[in-house]
Amino acid sequence: MSTEVFLKNYKKEHYNSFIFGSSRIFGYNIDSWKEHLGADASVYSFDSYGEKIEAVYHKLKFLDSLNVDVKNVLLCLDVDFTFNYNENEPKFLYMEHPLLSGKGWCDFHETHFLAYLTPSFIISFYGNRILGLENSYIGQHYFFVQASFDPKTNRPFRSDLEERIKNEPDYYDAPMFYPVNDTLIISQFIQVDKHHEETLRGIKDILSKHNTNYKVVINPLYPQVKFNPQDMDAIISVFGRDHVYDFSGRNKFTTSKYNYYEESHFRPFVGDSIMNIIYRK
């Protein structure tokens with residue numbers, strides 16, 4: 001969806017500032033980001049569920065091919081998704097736009113159509129939408145996420161979850177907010193291999209070509225797993241220590257469950273605090 005919104009608007013809006021990352025960038029208020037960039041910044045949230053580093057590279061190459069001015073970039077990385085080779089499921093939810101992946105439109109539409117034809121989805125979707133049924137089976141195969149997106153900046157916002165937090169006193173008593181061990185947990189797996197380093201260098205080359213003001217952030221996730229030190233060294237060697245900010249592991253953001261919607265997504269006031277730190281406001 002983010003690619004289609006961009007294509008619809010970019011000639012009119014003249015975007016020059018982009019946030020890249022997975023759905024975790026829900027936690028970065030793009031309007032707050034603009035305040036750090038200046039009046040000439042035209043901002044866009046170029047997110048995608050479970051975004052991999054190759055997909056970010058494809059987006060930057062796409063912008064470069066359109067001669068889009070890439071003046072500012074906030075590149076948000078995750079300990080779990082960004083450098084993981086495993087294919088995310090369901091496949092249709094995580095597929096790249098054909099203009100980015102270089103793969104055919106037929107495969108893209110076939111994957112989505114076959115997902116629609118899944119019997120469990122058909123039963124659940126029409127059972128809910130036509131008959132008004134709600135039960136555990138339907139909830140497992142069909143649910144509606146009430147996320148809103150700004151039609152110009154593609155800024156995502158979970159007003160539904162903010163309302164639940166406000167109105168449900170027991171929201172943070174849910175099992176998903178499990179206690180996290182208070183000792184440092186370092187990822188045991190080295191994820192950034194030679195292929196990833198080549199991709200990172202490709203990203204850096206485009207940023208250098210555009211003389212981009214960029215920041216690279218490792219997102220703060222509730223499980224408090226620290227980015228592997230060797231992976232961090234690989235990222236720093238490409239982007240430079242002064243451009244990389246690591247908020248993974250145990251810190252003031254990850255130690256409070258009230259900073260999260262659930263164990264995977266932090267709330268926008270956390271993103272505001274991170275931006276204040278990295279832009280030193």
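The values are calculated or read from the model by the stated rules, or taken from the named source; none is laboratory data. Since the structure is predicted, the reported quantities are computational estimates derived from the model, not experimental observations. Only protein heavy atoms, including side chains, enter the accessible area calculation; ligands, DNA and RNA are left aside. Shrake-Rupley method; radii C 1.70, N 1.55, O 1.52, S 1.80 Å.
Only protein atoms count toward the accessible area here, which uses a 1.4 Å probe; on the chain, the carbon and sulfur part of that area reaches 54 percent. Ligands, DNA and RNA aside, ILE25 has an accessible area near 0 Å² when probed at 1.4 Å. In terms of accessible area, using a 1.4 Å probe and ignoring ligands and nucleic acids, ASP242, ASP78, ASP150 rank largest first as ASP242, ASP150, ASP78. Put simply, the amide H of VAL225, placed in the peptide plane, has neighbours under 5 Å in GLY249, leaving out anything fewer than 5 places away on its chain.
Within the chain, DSSP assigns beta bridges of which about 15% are antiparallel (rounded to the nearest 5).
Bridgeable lysines around LYS209 (alpha carbons under 28 Å apart, same-chain partners fewer than 8 residues away excluded): LYS8, LYS11, LYS12, LYS34, LYS52, LYS59, LYS61, LYS71, LYS103, LYS152, LYS194, LYS281.
Relative contact order (percent) for region 124-220, with alpha-carbon contacts under 8 angstrom and 6 or more residues of separation?
This gives 11 percent for region 124-220.
Taking only protein heavy atoms into account and a 1.4 Å probe, give the accessible area per residue of the chain in Å². Averaged over the residues of the chain, the accessible area is 52 Å². Normalised by the number of residues in region 1-72, the mean separation of alpha-carbon contacts (under 8 Å, six or more apart) gives a relative contact order of 42 percent.
If one computes the Cα centroid of region 50-83 and of region 124-180, what distance in Å separates the two points? That distance is 28 Å.
Please tell me the relative contact order of the chain in percent, rounded to the nearest whole number, where contacts are Cα pairs under 8 Å and at least six residues apart.
Working: 393 pairs, mean separation 66.8, N = 281.
RCO, the chain: 24 percent.
Once backbone amide H atoms are built at 1.01 Å from N, GLU51 has SER22, SER23 as its partners under 5 Å, excluding neighbours fewer than 5 places away on the same chain. In the chain, the calculated helix contribution to ellipticity at 222 nm averages -12000 deg cm²/dmol per residue, counting -39,500 (n - 2.57) for every DSSP H run with n ≥ 4.
For semi-axes √(5λ) of the Cα gyration tensor in Å, which listed value, [x] 29, 25, 20; [y] 26, 24, 18; [z] 34, 23, 20, comes from the coordinates shown? It is the value labelled [x]. Taking amide H positions as modeled 1.01 Å from N, with prolines and chain starts lacking one, the residues under 5 Å from VAL217 and 5 or more places away or on another chain are LEU75, CYS76, LEU77, TYR245.
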